[in-house]
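Read the structure below first, then the notes.
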Amino acid sequence: MKSIRTKLTLLLFFIALIPLLIVIVFYLMNNIASSIANEKSDGILRNSIVNEHISEHFERSLAVLRTIARNPMTQQFVVSSPDSRDPLMAQTLSRTNDVFNDTDNMIVTDRKGDQVARTDTYPLINVEHRRYFHEAMQGEEYISDVLISLANNRMITVLEVPVFDEKNNVVGMVQRDYDLVALQKYIQAFSTPRTRVMITDSVGNIVAHSSRNFESNQLVSMSANPAVAAALAGKTGSIDVVMSEDGSGKKERMLVCYSKNEISGWVVITEKSYKYIWQEVVIDALAAVVIGGIMLFVLALVSAFIAEKATRKIRAISSLVDRAAKGSEDSLSFSELEDDELGQMAVAINKIRSSRDSYRKDAEVDKLTGLLNKATFERLCRGKLSENRIGVFSTLIVVDLDHFKEVNDTLGHQAGDALLHSFGDVLRKLFRPTDLVGRFGGDEFVVLLNDIPGKEIAVQKAKRIVEAACETSTGSDTVRISASVGMASTPQHGVDYDSLFSVADKSVYSVKESGRNGLCHGTDPVVRI
């Protein structure tokens with residue numbers, strides 16, 4: 001039997017070995033292409049994130065500039081004489097720094113190009129010869145390429161919005177000087193030692209570069225760079241170029257991904273040297289070899305184990321036959337080998353699983369209404385509230401049926417159970433599948449409205465609960481029920497289950513003390529229905 005077991009072990013090992021070797025070889029052959037594709041995807045993703053950052057900043061800046069430009073005080077300020085201009089205008093401009101959390105300069109300019117207000121301490125100058133001024137005079141919003149500020153000699157880009165008078169004539173402009181130091185810091189933090197990010201304006205001047213520090217008054221053109229030239233000619237893509245990685249003159253093959261920002265016309269470029277890609281491929285190949293060796297060892301163990309298990313019955317039969325041949329009288333029974341152990345195990349597991357599912361359902365659901373019971377509701381509610389993101393609005397609603405004891409005392413417990421079952425169906429239909437609806441026992445029900453737009457939705461649902469309670473039939477014209485509903489919402493009344501339930505429960509008592517048949521949100525006044 002050892003010979004059979006050994007042969008079976010080797011057979012199983014080689015059957016598993018052949019596809020494993022094919023997979024390893026195939027992986028190594030395709031790893032280079034896959035790595036390059038992943039690097040392209042990573043570069044495009046990085047570009048997309050940087051582009052989104054730029055667009056978000058410019059869109060927000062232009063929105064603020066539009067608001068200021070449309071303000072009648074701004075329009076009056078631009079056309080007024082110097083001695084009659086409202087001094088509050090400078091304060092209004094200064095407050096915009098709180099919106100952006102920076103100190104970038106805000107400037108108002110009249111139709112002649114003379115600056116009439118600015119938020120910094122530099123002298124007012126004339127910008128008539130600047131392109132962005134001429135764009136404003138044509139009634140166009142504009143985002144400039146990189147330029148040197150005439151006031152402080154720093155590299156900036158200008159965002160401008162024209163100011164119109166009541167007759168829709170351009171009477172000036174509002175501009176914001178965007179200091180590029182912040183963008184430089186952003187992409188330096190965003191890049192990695194092996195992947196560098198560069199941003200150029202629409203004519204190829206460097207706006208920011210993750211691996212270089214530029215003087216604040218120095219424009220550096222990269223329009224002759226093949227990667228920049230390709231990016232300026234297209235919108236989104238990738239190319240292979242041979243260029244210097246660090247400016248030392250040593251040429252290397254680079255993978256370049258580029259995309260163009262639609263708002264500003266700027267170009268975002270991500271570069272990575274192929275030497276780093278090859279290093280990662282070699283590391284992956286070595287890892288594949290090591291993992292393959294480990295898997296071969298595991299395959300040998302698994303093959304030996306399977307062979308031992310597969311030949312166990314054969315060896316048992318052989319032992320029984322051998323004992324029978326020697327005359328042993330207790331060796332004639334083969335009943336222990338007639339059943340399939342795996343088949344018996346499958347049947348047993350199915351029985352256990354079926355019983356477990358049945359027990360779990362009985363343990364989680366209120367048998368009378370089919371809603372969640374108290375323990376299950378609390379557990380699920382705590383879980384949902386703990387997973388909520390900042391800003392998500394949720395409301396816990398506690399419902400107590402009024403006069404339910406009279407139903408039991410007058411009509412009997414069977415009628416009371418039927419009423420609770422009917423009211424539970426009403427609650428189930430009233431709320432979304434994502435909401436939690438449960439019964440705490442007796443005539444008390446609870447609901448968690450999770451991730452809703454605001455308080456108004458919760459109040460509307462609470463009113464509907466009160467109305468539904470009044471509409472629920474008790475089977476008698478003399479006995480009627482109503483509902484007292486208490487509510488508590490995040491984050492106003494807390495963010496955890498215990499805080500919300502405590503407030504909602506107190507609100508229920510406030511409704512009952514006020515005459516029942518109503519609702520109360522936290523400590524708000526009781527609303528009678």
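Derivation of every value follows stated rules applied to the coordinates shown; laboratory data play no part. Computed from a predicted model, the values in this text were never measured in an experiment. Here Cβ is always computed from backbone atoms with ideal geometry, including for glycine, and neighbour counts include all displayed protein chains.
Points to keep in mind about this one:
- With K and R counted +1 and D and E -1, the other residues having a Cβ less than 9 Å from that of Trp266 yield a net charge of -1.
- Highest average packing first - 56-67, 84-95, Cβ atoms within 10 Å: 56-67, 84-95
- Table column - 3J(HN,Hα) (Hz), the stretch 81-88, Karplus curve with 6.51, -1.76, 1.60, x for Gly and Pro: 6, x, 7, 10, 7, 5, x, 6
- Each other residue within a Cβ distance under 15 Å of Gly515 adds +1 if Lys or Arg and -1 if Asp or Glu, for a net charge of +1.
- A protection proxy built from the mean count of other Cβ atoms within 10 Å ranks the segments 503-509, 237-243, 484-490, most packed first, as 484-490, 503-509, 237-243.
- The stretch 217-307 - charge dipole about Cα centre, Lys and Arg +1 at Cβ, Asp and Glu -1, debye rounded to 20: 140
- Leu150/Leu430 FRET efficiency (R0 56 Å; Cβ-Cβ; nearest 0.05): 0.25
- Low-density loop positions, trypsin sites (Lys or Arg not before Pro), the stretch 110-176 - DSSP coil, at most 14 other Cβ in 10 Å: Lys112, Lys167
- Over the stretch 116-225, Cα pairs under 8 Å with separation of 6+ residues give a relative contact order of 20 percent.
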